[in-house]
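J.: Let me give you the structure first, and then I'll get to my questions.
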Amino acid sequence: MKNSGKLIMLFTAFTVLIFLYSCNKNEDVSKNKIAITSTDDYLKIADAFSLAAEEEITTDDESLKSASLSSCLTVTIHENENGEFWPRSWTLDYGTENCECFLGNMKRGMIHVNLSDWWRNEGSERQITFEDFYMNDNKMEGFKTILNTGLNDAGNLTFLKKVADAKLTNPDGLVMTWECEKTSEQIEGGETLLFADDVWSVTGSGSGVNLDGNSYTMEITSALIYKNGCFYPLSGTIEIKTDGENSQTINYGEGECDKLITVTTDGVTETVEL
């Protein structure tokens, strides 16, 4: 009986050791797991839902603002049954095959836009939705609103832009989600109806779940400054925080119209071309 008791104790101890080794091994594998989500992925999802070209196209008067339309984009304006001019609605149809657009972005599918009133009138709201829409083979889903919040204390035109229930699904089926709330202030060019002289200051933040399944936030810590003719911000900083990872700071520079940014992670800074 004594020998049987010792055997049971030895077997129990051996089982515990195996269990502990297994746990430690799993922890080491988890720690060494390589993240799928890159800095570029965070910037891409924010840029994808900016929809600057689609905003420019869907104005009520082509003589006020112009847009470069690709040969494979069909824009349909839907007339109101009651004959009233407002609200206005558009369907932007990029076709069923990839259509090369600005900066080489490939688009297909449809975007639906509704605008309640002239975009410069306080209280006007633009709503944007997607129908089987892809950008660079990433499926885009979600809902965006742009509300004209009138003139601020400085006399500048402002807009509140929100993205809700948004997600990008890449060709491998991996999903990244996004929602945000930003304020855009027109700091130059408000005296004219031309895009050419517009300069915008953008603040705000967003959040979502990345390709690895981890929650993240993106906060504009210094206002992003956009100038017409420059696709990327001239200046400003963004801080990206992801659960279980070191934070990253994106710096767009000091006013140059270029594709260069710096990315700082854990005290190490590198220059990246977008």
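J.: With a ≥ b ≥ c taken as the square roots of the eigenvalues of the C-alpha gyration tensor of the stretch 82-225, please select rounded if a/c is under 1.5 and otherwise prolate if a/b is larger than b/c or oblate if it is not? Walk me through the numbers before you get to the answer.
T.: Numbers: a/c = 1.89, a/b = 1.29, b/c = 1.46.
Oblate is the answer for the stretch 82-225, as a/c is 1.5 or above yet b/c matches or exceeds a/b.
J.: Still on this structure: Could you give each residue of the stretch 128-143 its phi-based ³J(HN,Hα) in whole Hz, using Karplus coefficients 6.51, -1.76, 1.60 with θ = phi - 60°, and x for Gly or Pro?
T.: Computed from phi, the couplings for the stretch 128-143 are 10, 10, 10, 10, 6, 9, 10, 10, 6, 6, 9, 6, 9, 9, x, 9 Hz.
J.: Let me ask another. Once fully extended, how much extra length lies between S247 and T76, figured as 0.36 nm per residue of separation less the alpha-carbon to alpha-carbon distance? Show your work: numbers first, answer last.
T.: Details: separation 171, 0.36 × 171 = 61.56 nm, distance 4.37 nm.
Once the chain is fully extended between S247 and T76, it gains 57.2 nm.
J.: Taking 0.36 nm per residue of sequence separation and subtracting the Cα-Cα distance, how much length would be gained by fully extending the chain between E100 and A35, in nm to one decimal?
T.: Working: separation 65, 0.36 × 65 = 23.40 nm, distance 3.03 nm.
Computed gain between E100 and A35 is 20.4 nm.
J.: Still on this model: Taking 22 Å as the cut-off for C-alpha to C-alpha distance, list the pairs among K107/K241; K182/K227; K161/K227; K144/K182 that go past it. All intermediate terms of the calculation are to be shown ahead of the outcome.
T.: On the way: K107/K241 30 Å; K182/K227 17 Å; K161/K227 18 Å; K144/K182 11 Å.
As for pairs spanning more than 22 Å Cα to Cα, those are K107/K241.
J.: I'd like the accessible area for L224: 1.4 Å probe, protein heavy atoms, all chains in place, Å² to the nearest 10.
T.: Its accessible surface works out to 10 Å², give or take rounding.
The values are calculated or read from the model by the stated rules, or taken from the named source; none is laboratory data. Everything numeric in this text was worked out from a predicted model, so none of it was measured. Note: accessible area is taken over every heavy atom of the protein model, side chains too, but ligands, DNA and RNA are not part of it. Shrake-Rupley method; radii C 1.70, N 1.55, O 1.52, S 1.80 Å.
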